[in-house]
Structure formats: C-alpha cells, structure tokens
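**Student:** Sharing a structure, written as structure tokens. Questions coming.
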Amino acid sequence: MFSFSCEDAGAIKAATAASIEAVGGVSRAADALSIGSSTLTKYASPNEEWRQNFIRLDLAVRLDRASGHPFLLESFSGLVRRDGVHAPADVTPTAVLRLNAILDDVVREVATAIDDSRIDAGERLAIRKRIVAAQRELARLDALMR
C-alpha cells in the first residue's frame, strides 16, 4: 500500500476538513455521500491512528461537487506537482513571510466580506479558498515540525 509523507497527508487531511466544512459539517457531508459520519471524520482526522486513512477518490469528487469548490482535487493535484520532499532546512525567512502573506489574505478576505455587515455565498467561497490555502501551508509547516 502506498503511504504519503506527513506533509502530503496533512495537506490531504486539511483539504478534506475544508471540503466537509464547506458542505455544512460532518453530518451534512456524510448524508451527501451516503457514508457514516465516523468514517468521514477519520478521513479528515490528523491523529496518528488515522494519519494514513484517506477519502476515496470517488467520494472526494462528490464532496468537492457538493461544496462547490475543488478543495480535495486541488490538494491531490498539488501532490503531483510537488518538487519533492522538503527538509526542515526549508523553513526559511522567505517561507515564513509567504505564510504570513497567506494568513493576511484570509484576514483581508474576511474583512472585505464583513464590510457590509453580511457575508454572501460568493464571499464565503472566496474566504474558503483563502482558508484552504492557509491550511495547506500550515499543514506543510506542521509536518516539518514533527
């Protein structure tokens, strides 16, 4: 059986969690996929016990369709485009500044969305995209810190 690196696993788990949240939570996502909530929770869990337990591709496509954004499919395609496994030496000041910019993007997107005292569906999607990008980078950093 193929095993993902900690970094790759973290990225997939973060994308799974983001897609589940975008659908409306575990219960709604499980209903949309016709699977048990406990199974779906394992797919998003970063705990060591479930670290190598991932959502099936057919379910990932259905979940992304239900969320209206390709959280998982973007995560999977990112694995294909990766340059290779990063070593802890890759935590550079530039990488930290990049992460800071990504987190700032999340804050800016939320601030813009709440400017009119309400968040519409398009703004929610834009915020989710920023959050997923941040989660992906945080998962990479978390994997490097292990």
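The values are calculated or read from the model by the stated rules, or taken from the named source; none is laboratory data. If you're wondering where the values come from, they're calculated on a predicted model, not measured in any experiment. Positions of Cβ are generated from backbone atoms using ideal geometry, with glycine treated the same way; all protein chains shown enter the neighbour counts. We work out accessible area using only protein heavy atoms, side chains counted, and drop any ligands, DNA or RNA first. Shrake-Rupley method; radii C 1.70, N 1.55, O 1.52, S 1.80 Å.
**Student:** Just the number: Rg to Rh for region 1-136, Cα atoms, Kirkwood Rh, two decimals.
**Tutor:** Here the Rg-to-Rh quotient is 0.99.
**Student:** DSSP loop (so not H, G, I, E, B), at most 13 other Cβ within 10 Å: list which GluC sites (Glu not before Pro) in region 17-123 pass both filters.
**Tutor:** Of the GluC sites (Glu not before Pro), not one in the loops of region 17-123 has a Cβ with at most 13 other Cβ atoms within 10 Å.
**Student:** Another one. For the chain, which whole percent of the accessible surface, found with a 1.4 angstrom probe, sits on carbon and sulfur atoms?
**Tutor:** Using a 1.4 Å probe with all protein chains present, the chain comes out at 56 percent carbon and sulfur.
**Student:** If you don't mind, there's one more thing I want to ask. Label Phe4 and Leu138 with points 7 Å out from Cα along Cα→Cβ: what is the distance between them in nm?
**Tutor:** Simple spin-label model gives 1.7 nm for this pair.
**Student:** Starting from the Cα gyration tensor of region 6-56, take the square roots of the eigenvalues, sort them a ≥ b ≥ c, and report rounded, prolate or oblate (rounded when a/c is under 1.5, otherwise prolate if a/b is larger than b/c, else oblate).
**Tutor:** It comes out prolate by the Cα gyration axes.
**Student:** I've got another one for you. So if each residue of separation counts as 0.36 nm, and I subtract the Cα-Cα distance between Arg118 and Asp58, what length gain in nm does that give?
**Tutor:** 18.1 nm
**Student:** For a protection proxy built on the mean count of beta-carbon atoms within 10 angstrom, sort 127-138, 8-19, 31-42 highest first, please.
**Tutor:** Those peptides, ordered most packed to least, come out 8-19, 127-138, 31-42.
**Student:** Using 0.36 nm times the number of residues separating Glu48 and Thr92, minus their current alpha carbon distance, what extension gain do you get?
**Tutor:** 13.1 nm
**Student:** Also, I was wondering about something else. Working out 0.36 nm times the residue gap between Ser38 and Ala101, then minus their Cα-Cα distance, what length gain in nm do you get to one decimal?
**Tutor:** In short, 19.2 nm is gained.
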